[in-house]
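The values are calculated or read from the model by the stated rules, or taken from the named source; none is laboratory data. For clarity, every value in this text was computed on a predicted model and none was experimentally measured. Here the Cβ positions follow ideal geometry from the backbone for every residue, glycine too, while neighbour counts run over all protein chains shown. The protein model used for the area step is the full one, side chains on, heavy atoms only, and it has no ligands, DNA or RNA in it. Shrake-Rupley method; radii C 1.70, N 1.55, O 1.52, S 1.80 Å.
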Amino acid sequence: MGRTTRYVSLRQYAEGRAIVPDDFALRTGPVPEPPPGGVLVQTLVLSLDPTLRGSMTGRSDFYNQQFALDEPIHSRGVGRVIASRNDDFVEGDLVKGRFAWADYSVAGPLAGFGAGNGLTHARPADVKLSHHLGVLGNTGYTAFFGMMAVARPRPGDTVLISGAAGGVGSVAGQIARILGAKVYGLVGSERKSAVLTEELGFDGALVYRGQDLADRLRALIPGGPSIYFDNVGGELSQLVMDQMPFRGRVVECGQIATYGEPDGGLKVDIKPIHLRGLSFEGFAWTQYSEFFPAAKAQLQHWIATGSLRVLETERHGLESLPEAFVGMMAGENIGKMTVTVAE
Ligand SMILES: NC(=O)c1ccc[n+]([C@@H]2O[C@H](COP(=O)([O-])OP(=O)(O)OC[C@H]3O[C@@H](n4cnc5c(N)ncnc54)[C@H](OP(=O)(O)O)[C@@H]3O)[C@@H](O)[C@H]2O)c1
């Protein structure tokens, strides 16, 4: 009998309700053979991203492609090549790409949604592996381009960020501070609020749960934020937009509050946009791929000079992926959430 690998799959889709650990299953199957031009990778670290939730609804009309039931889920990850059929990669190379939630995964340099796609070397090799998925990967790029290319705050701006203690939010807020704006965060707990103000230099933070949020927000930012960097969407963001000044700008990064809604979420009531003359601009980090090397260099410089602090929440073990993903969606993480599968 050939070698086997454990993998995590979806047992059932979760539509119109919160996802729970029981929606996932830990299974065992054969270690796959690398395809021509591909490699076999031992998984080291996997990224947990809210967008994966959109691939767990079973809706064929949803904007994300759906994971097949009982097949390995896949997300971005870092791994080590253990067999190669590609001259650009040799055994022992550290690589990143889209890997199965499995001990072993095949991967190749194709683009797109499928497991194994988008293989590149993980460089520089001397940083913590999780940084390739967080601050020096798509999470950091999302914060960087969302702030530097879309929001473009200047001194005098007041920037409010929802999901501010998460992977994207914690980096985006610090970039706004570096650019000279005042920066505030909306978060799910007092602990997160303290981290933002005491460790990351935010000017203030507010727990969005509980009573009188509209009054508390008015007291924190009289006149409202000139820029709202939105990771959350839903009712929270409608409440924020109702308080924004004339010609305020909404940068729509994500809508995590709505990803589990029965109709697929991502709905915005444009009343405050109309009444207040707000601008509303979405973006995707992938639109800026030609500038990734420059963004990475700038993020590394800010980290090295102490301007940018990196927050991460790390879980361990392939079997912890379901609990970790559900926990991330419910706000258990501070900063980027990853799962270390092998040391
Ligand atoms: N535009 C792009 O290209 C792009 C790329 C990557 C990610 N994104 C989006 O960016 C956002 C942040 O992603 P991330 O990877 O950095 O995840 P994250 O913020 O590290 O983790 C998700 C956080 O969302 C918050 N949250 C969950 N449900 C919420 C709700 N109902 N209301 C308010 N907050 C809620 C939780 O924090 P609390 O404890 O504060 O509730 C949780 O920690 C997501 O919306 C994601 O889809 C966009």
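Some points to look at:
- Both the radius of gyration and Dmax for the chain are 20.3, 68 Å, in that order, over alpha-carbon atoms.
- When the helices of the chain are scored as -39500 (n - 2.57) per DSSP H run of n ≥ 4 and the total is divided over every residue, the value at 222 nm lands at -6000 deg cm²/dmol.
- Residues whose amide H comes within less than 5 Å of that of D157, counting only those at least five positions distant or on another chain, are K182 (H built at 1.01 Å from N in the peptide plane).
- Descending semi-axes in Å of the stretch 211-281, equivalent ellipsoid built from Cα gyration tensor: 20, 15, 10
- Cβ-Cβ FRET estimate between E332 and F291, R0 fixed at 30 Å, reported to 0.05: 0.40
- For L26, net neighbour charge (Lys/Arg +1, Asp/Glu -1) across residues whose Cβ lies under 14 Å away: -4
- Candidate residues L239, L10: accessible-area rank, largest first, probe 1.4 Å: L239, L10
- For the chain, relative contact order (Cα pairs under 8 Å, six or more residues apart, normalised by length) works out to 18 percent.
- In terms of its alpha-carbon gyration tensor, the stretch 1-148 comes out oblate; a/c meets the 1.5 threshold, while b/c is at least as large as a/b.
- Where I82, I221 fall by accessible area, highest first, once all protein chains stay in place (1.4 Å): I82, I221
- Per-q log10 I(q)/I(0), the stretch 138-286, q = 0.14, 0.17, 0.18 Å⁻¹ (Debye; single scatterer per alpha-carbon; no solvent): -0.59, -0.90, -1.02
- Radius 12 Å from Cβ of L318, net charge of other residues (Lys, Arg +1; Asp, Glu -1): 0
- With all protein chains in place and ligands, DNA and RNA left out, the 1.4 Å accessible area ranks V268, V150, V31 as V268, V31, V150, largest first.
- Most mobile listed residue (E332, E91, E15) in the chain, GNM with C-alpha springs under 10 Å: E91
- A probe of 1.4 angstrom, applied to the heavy atoms of all protein chains, finds D242 with accessible area near 80 square angstrom.
- The stretch 154-232: trypsin sites (Lys or Arg not before Pro) in DSSP coil with no more than 14 other Cβ atoms inside 10 Å: R209
- Heavy-atom accessible surface of the chain, averaged per residue, reaches 44 Å², computed with a 1.4 Å probe.
- Loop trypsin sites (Lys or Arg not before Pro), the stretch 1-100, which have at most 11 other Cβ atoms in a 10 Å radius of their Cβ (DSSP): R3, R17
- For the chain, the tally of Lys pairs with Cα-Cα distances below 25 Å comes to 11, considering only residues 8 or more apart or on different chains.
- Heavy-atom surface analysis with a 1.4 Å probe gives the stretch 1-116 a carbon and sulfur content of 50 percent of its accessible area.
- The chain - share of DSSP beta bridges that are antiparallel (%, nearest 5): 55 percent
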